[in-house]
Number of protein chains: 4
Amino acid sequence: MDEETRADAIHRLKSIAGHVNGIVRMLEEERYCIDVIKQIQAAQTALARVSESILDSHLRTCVTTAIQGDDPAERERMLKEVVEVFRYQDK
Amino acid sequence: MDEETRADAIHRLKSIAGHVNGIVRMLEEERYCIDVIKQIQAAQTALARVSESILDSHLRTCVTTAIQGDDPAERERMLKEVVEVFRYQDK
Amino acid sequence: MDEETRADAIHRLKSIAGHVNGIVRMLEEERYCIDVIKQIQAAQTALARVSESILDSHLRTCVTTAIQGDDPAERERMLKEVVEVFRYQDK
Amino acid sequence: MDEETRADAIHRLKSIAGHVNGIVRMLEEERYCIDVIKQIQAAQTALARVSESILDSHLRTCVTTAIQGDDPAERERMLKEVVEVFRYQDK
């Protein structure tokens, strides 16, 4: 992962943790269920955006290096992992 | 939402916020991209479980009350909201 | 499910089956992988829209009847099923 | 995409089209809404499995070739496409 992506992911995840703590407060204040669910869904989407950004960087750095390298087992392992995270998303 | 569901959701969301902060630390320690993505996906799933639990309680309390009540507009509004959150999940 | 929703769902599912057969032809013509994947994803979204529409009608008919009825076990069963299909969507 | 993956995808998509036509018959026979929704969700999952398999093959063939090749624009385009289909899955 490149440094810009890492810094951006850290920034976004800190903000998502804050968002989730905000949803805790919504529950403590007995806010309406559907409003709470919508905020939880927004946090899920924000997490998915961070995954995407990390995957994008991973493909451009580690995966590209492995594919250009001369270790077929390493290349195989990398591609398998990408398919696995793709599978998880569409479960 | 009933009190047990609310308390449980608060507990789980606090733990998810902690999990997300743990992912920030993984990034700061330059842990492997795919391991980070898998943890983000686990946090997404944990959030989805909280939504489900709140929806379950919402159906048994607010929606049931609205459907048994005599305000058709209120009933309509409630059912619309449930379909909306369902749609969001399968986007 | 009301008759209008049923007729609409039949119409849309027939069209989706045709779409899927069209994707078979894309593969037979050796079309580009990513174009095939995008068409498969479009078919998934189209199926999700049909589910939503059926769920919407189900809530307004069967679930509303069960909630207004005097059989708590039946009501319980109905609400459980709705939560189950919601859970499946966000897996 | 390699030939084995293509043949397998064609086989599976034909079976999914048959499944969707079977769901049309369920609707014509006025089967229970939730049973219909569950079959639609099963068809969505089956489609997702085909996408995954095509993506897996795409990474091993076209993407690997592009990354090993000497056209940075082509490589860039390929990686962008993979991230796009990943984004679609987690919408």
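In the set C:Arg49, C:Arg31, only one residue is under 13 Å from the mean Cα position of the chain (by Cα), surrounded by fewer than 17 Cβ atoms within 10 Å (Cβ to Cβ) and free of Cβ contacts under 8 Å to residues at least 40 places away in the same chain; that residue is C:Arg49. Filtering the range D:26-52 to residues that are of a type outside the set (S, T, N, Q), in a helix (DSSP H, G or I) and over 25 Å from A:Glu81 (Cβ atoms) leaves D:Met26, D:Leu27, D:Glu28, D:Cys33, D:Ile34, D:Asp35, D:Val36, D:Ile37, D:Lys38, D:Ile40, D:Ala42, D:Ala43. Is it the case that B:Gln39 is at pLDDT 95 or above and open to solvent by 40 Å² or more (accessible area, probe 1.4 Å)? Judged against the criteria, B:Gln39 is a match. Residue-level analysis places B:Arg25 outside the set of residues that are open to solvent by 10 Å² or more (accessible area, probe 1.4 Å), of a type in the set (D, E, K, R), more than 7 Å from every other protein chain (Cβ to nearest Cβ) and under 20 Å from C:Gln89 (Cβ atoms). The test for being modelled with pLDDT under 95, among the aromatic types (Phe, Trp, Tyr) and surrounded by fewer than 20 Cβ atoms within 10 Å (Cβ to Cβ) holds for D:Tyr88. The single condition from (1) closer than 14 Å to A:Val36 by Cβ; (2) open to solvent by less than 10 Å² (accessible area, probe 1.4 Å); (3) more than 9 Å from chain A (Cβ to nearest Cβ) that B:Arg12 fails is (2). On inspection, B:Ile23 does not qualify as touching a Ser or Thr at 6+ places or on another chain (Cβ under 6 Å) and in a helix (DSSP H, G or I). Taken over the range D:81-91, residues that are without any contact (Cβ under 8 Å) to a residue 12 or more places away in the chain and at the interface with chain C (Cβ under 10 Å from one of its Cβ atoms) amount to 4.
If you go through the range C:39-56 and keep only what is touching a helix residue (DSSP H, G or I) at 6+ places or on another chain (Cβ under 8 Å) and more than 7 Å from every other protein chain (Cβ to nearest Cβ), you end up with C:Gln39, C:Ala42, C:Ala46, C:Arg49, C:Ser53. Restricting attention to the range B:1-28, the residues being among the hydrophobic types (A, V, I, L, M, F, W, C) and in contact (Cβ under 8 Å) with a residue 40 or more places away in the chain number 2. Residues considered: C:Glu52, C:Glu28. Of these, the only one that is closer than 20 Å to D:Val36 by Cα and among the acidic types (Asp, Glu) is C:Glu52. Among the residues that make up the range B:65-76, is at least one of them out of contact with any Leu (no Cβ under 9 Å at 6 or more places or on another chain), within 11 Å of chain A (Cβ to nearest Cβ) and either in a helix (DSSP H, G or I) or of a type in the set (Asp, Glu) (or both)? Among the residues of the range B:65-76, not one is out of contact with any Leu (no Cβ under 9 Å at 6 or more places or on another chain), within 11 Å of chain A (Cβ to nearest Cβ) and either in a helix (DSSP H, G or I) or of a type in the set (Asp, Glu) (or both), which makes the answer no. Would you check if there is a residue in the range B:62-77 being among the basic types (Lys, Arg), closer than 20 Å to A:Val50 by Cα and either touching a helix residue (DSSP H, G or I) at 6+ places or on another chain (Cβ under 8 Å) or surrounded by 14 or more Cβ atoms within 10 Å (Cβ to Cβ) (or both)? No; the residues of the range B:62-77 include none that is among the basic types (Lys, Arg), closer than 20 Å to A:Val50 by Cα and either touching a helix residue (DSSP H, G or I) at 6+ places or on another chain (Cβ under 8 Å) or surrounded by 14 or more Cβ atoms within 10 Å (Cβ to Cβ) (or both).
The values are calculated or read from the model by the stated rules, or taken from the named source; none is laboratory data. All values reported here derive from a predicted model rather than from experimental measurement. Neighbour counts run over all protein chains shown; Cβ positions are idealised from the backbone, glycine included. Each accessible area value is taken on the protein alone, full model and side chains, heavy atoms only, with ligands, DNA and RNA left out. Shrake-Rupley method; radii C 1.70, N 1.55, O 1.52, S 1.80 Å.
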